[in-house]
1. Do we find a residue being aromatic (Phe, Trp, Tyr), within 30 Å of residue 555 (Cβ to Cβ), in contact (Cβ under 8 Å) with a residue 24 or more places away in the chain and assigned to a helix (DSSP H, G or I) anywhere in the range 470-492?
2. Return the residues of the range 36-82 that are assigned to a helix (DSSP H, G or I), within 23 Å of residue 129 (Cα to Cα) and open to solvent by 30 Å² or more (accessible area, probe 1.4 Å); say none if nothing qualifies.
3. May I ask you to list the residues in the range 603-644 that are within 30 Å of residue 127 (Cα to Cα), open to solvent by 50 Å² or more (accessible area, probe 1.4 Å), among the hydrophobic types (A, V, I, L, M, F, W, C) and part of a helix (DSSP H, G or I)?
4. Exactly one of these conditions fails for residue 44: (1) in contact with a Lys or Arg (Cβ under 9 Å, 6 or more places away or on another chain); (2) at pLDDT below 90. Give me its number.
5. Quick one: residue 33 ticks every box in (1) farther than 23 Å from residue 608 by Cβ; (2) aliphatic (A, V, I, L, M); (3) open to solvent by 10 Å² or more (accessible area, probe 1.4 Å) bar one, so which box is it?
6. With (1) of a type outside the set (Val, Ile, Thr); (2) open to solvent by less than 90 Å² (accessible area, probe 1.4 Å); (3) at pLDDT 80 or above as the list, and residue 493 as the residue in question, which single condition is left unmet?
7. With part of a helix (DSSP H, G or I), over 30 Å from residue 304 (Cβ atoms) and open to solvent by 50 Å² or more (accessible area, probe 1.4 Å) as the only criterion, which of 406, 388 stands out?
8. If you go through the range 327-346, how many residues are part of a helix (DSSP H, G or I), out of contact with any Lys or Arg (no Cβ under 7 Å at 6 or more places or on another chain) and either at positive phi or surrounded by 15 or more Cβ atoms within 10 Å (Cβ to Cβ) (or both)?
Amino acid sequence: MVTHNGLMRVFWPSDVAHSSHSGVLVGWRNSNLDVLVAAVLRDVEVRAVENALRVGTLFRGSKYPFVRILDRCGQSPLQVLGTVNPSNPPTAFNPNALVASTSSSSRQLQIFCPEGSGVMIQAVLFDRPDPTRMQYLSLDPIKLALVDKEEATSRGFPVGGPINAEEEQERQRKKVLVEKLKFHTVTRHVPTRKEVLLPTIIEQMNCCYEVSELLQKNAHLIGTRPKRALSVSERVVESASTVWQYIWVAIWQFLTVWVYPVMVQLFTLGLMGHRIAGEGLLILLDWRPLANSLALKDVSATAQQVDIRLQQFCYWPIQYITLNKRKNDWQSITNSHPEYIRFFNSLWLVANDVIIGIALGSYIIENHQYVASTVDEILNTYAIRALEQMLQWLMAWPAGLKLNTELSKFLGDLFLWVIEYWRDIMWTLRPFLPGVVYFIGFSSFAGATMPIALFSDLVSLLTLHIYSFYVASARIYHWQLSIIISLFHLFRGKKRNVLRFRIDSCDYDLDQLLIGTILFTVLFFLLPTVFVFYLTFASARMAIIVLKAGLDTLLACLNHFPLFAVMLRIKDSRRLPGGIRFELHDTQIHTASPSQPISTSIGPSTSYIYLRSIPLPLRAMFNEYFQLAARIRKHYVSPAVMLCLVTGKFVPPIHRKNLYSLQYSMLPARRASIAELWERITAAGEEGEGKGKSGGMNGHGHHGRKGSNGWNGRRTGGH
């Protein structure tokens with residue numbers, strides 16, 4: 001029964017070949033007013049198509065069980081939806097038997113629907129995704145990063161931290177606001193039947209291509225008798241022409257039955273040996289002497305880089321096994337597409353890293369003496385001589401600022417003595433510097449990230465004296481400032497209550513006030529001298545932190561840059577769906593020519609809408625980089641950090657958990673154990689072996705068993 005003033009949606013593939021020949025529409029009927037056309041079978045009868053759908057003739061030769069497609073598409077069977085270019089024009093509108101009109105001279109579509117039928121037709125045109133090219137439609141944007149991040153201890157990072165706490169508070173705040181907004185809505189929108197069906201319709205669109213290919217391949221079987229068997233003479237000719245094929249089959253069987261399994265077993269044993277060695281290194285890198293202490297990978301960029309590469313090596317076999325299962329199912333099943341992008345993006349990055357590293361390593365090895373001398377000159381210039389000149393300048397009234405002569409001379413001599421001692425250490429280690437540079441160049445053959453990480457650690461070691469100067473001057477400045485603040489409270493007749501965290505009034509004796517005033521005056525006038533030395537070393541420390549942050553950012557780009565995703569975005573954006581959009585088109589451009597038989601039925605009761613895929617935005621592809629920049633900004637460019645610099649408190653570098661979480665976003669929260677990897681490899685091998693045996697034994701009876709694929713049990717196409 002047709003509902004008056006109803007809206008009937010007809011989802012039509014826009015890439016269907018337009019022709020003037022008659023045909024039958026085959027697809028899914030999701031409701032009385034929602035149909036999706038999967039294929040148009042030309043030059044066939046409706047009854048013959050219905051019978052072929054009922055007995056499964058159109059599903060012969062499918063590589064995989066057709067029931068998987070039906071389960072994916074809401075367990076709705078394929079049906080005959082109507083006809084195209086019928087010989088007898090219709091007289092009345094029937095939603096159970098649509099009548100469409102196409103022409104080979106135009107790509108315009110017409111659906112018969114008179115204005116007095118009480119139904120408005122909404123033709124939703126869509127481009128069928130090609131599953132062989134991994135195209136698909138999706139309501140939600142594709143997720144390039146894994147979503148199983150529990151921020152747990154599987155990678156050894158300590159949980160918490162000010163940045164993580166702020167991010168967690170912000171997420172909780174937004175969640176609470178969303179829950180509150182639900183109570184302030186004027187009307188509660190109950191999803192309509194059409195909105196509920198939209199995810200199922202999207203899945204049907206993704207399966208349209210393979211369904212249409214299968215139906216078109218078997219369309220010639222509709223209404224025809226089976227082909228007769230070969231005669232005796234024809235069999236003799238066929239056997240004579242296939243003698244060489246039997247030889248090649250025997251050779252191929254020898255290679256696949258005897259040689260290939262042995263090679264697979266040797267490769268599996270080698271892989272498991274490397275996996276065991278990698279597991280030992282990962283345990284060593286993640287070992288902590290105490291519960292709250294730092295692991296080696298938390299303090300060394302080189303150890304962190306080795307940990308990332310080992311984690312990827314542990315995950316690659318799991319990814320390959322997962323992607324290899326795609327060959328055992330329909331290409332329209334899109335569950336593994338994000339994993340495919342992550343896997344090949346990781347391979348591309350590692351390959352590019354190795355290529356760049358080989359070029360960089362070759363240059364460093366060939367010129368290691370020159371590189372070593374250059375590094376030595378830079379360190380002597382900026383880490384030793386520049387500091388000596390700066391300290392001597394501070395000891396002699398810098399920029400006309402009259403500092404305390406005795407205190408500045410004492411601090412300057414102290415720091416100069418440490419620098420002199422550090423110069424002797426560097427002089428002792430200078431003969432080993434070319435060998436260190438040669439080793440860094442040799443490590444480049446493992447990727448350009450290794451020399452960058454080694455250089456970052458080398459910078460930390462060679463500037464250790466600057467770090468010690470910063471810590472010492474910051475402690476002195478902070479202690480002096482704290483004493484001045486306490487004496488200032490004493491001068492005002494107050495004191496700090498450490499139990500209640502407040503300033504209380506207090507009565508002091510005259511001797512206490514006098515001594516406190518004298519100490520306050522002395523420390524206050526000595527403060528500029530200490531502050532100048534603290535400012536010098538704090539600036540040097542911040543410069544080193546900026547250099548190391550730049551190196552860590554370069555490591556993040558080489559380890560995580562979405563290169564493969566960007567190439568897919570440029571080459572074929574339909575492989576990176578970010579959602580869908582509907583575009584309303586003018587009805588006049590779809591009006592048929594007067595020569596077509598049902599052109600008079602097209603009027604304002606038919607609207608045309610294009611359903612298009614939205615490519616994944618670039619902001620979503622680089623979302624982790626924006627998060628990394630926000631974390632660096634919150635850590636270093638924040639009022640808390642500025643207050644620490646002003647008051648002399650220690651400014652720690654950003655924790656590697658926050659800095660390297662970007663690079664770990666492509667890895668699972670818990671890596672597969674050795675036993676689990678062995679089980680999955682052996683299970684995949686047994687599955688492939690069983691499939692090969694069944695294919696070789698029963699390959700000739702493939703078509704005769706198609707009833708077991710599941711469509712006969714469902715009685716597809718039944719009315």
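1. There is at least one residue in the range 470-492 that is aromatic (Phe, Trp, Tyr), within 30 Å of residue 555 (Cβ to Cβ), in contact (Cβ under 8 Å) with a residue 24 or more places away in the chain and assigned to a helix (DSSP H, G or I).
2. 67, 68, 71, 72, listed by residue number.
3. 618
4. Result: residue 44 fails condition (1) only.
5. (1)
6. Against the list (1) of a type outside the set (Val, Ile, Thr); (2) open to solvent by less than 90 Å² (accessible area, probe 1.4 Å); (3) at pLDDT 80 or above, residue 493 comes up short only on (3).
7. Just one listed residue meets the conditions, 406.
8. Total meeting the criteria: 9.
The values are calculated or read from the model by the stated rules, or taken from the named source; none is laboratory data. From a predicted model like this one, the values you see are computed outputs, not experimental measurements. With ideal geometry, Cβ positions are generated from the backbone for all residues, glycine too; neighbour counts draw on all protein chains shown. Accessible surface is based on the protein model in full, side chains and every heavy atom, while ligands, DNA and RNA are left aside. Shrake-Rupley method; radii C 1.70, N 1.55, O 1.52, S 1.80 Å.
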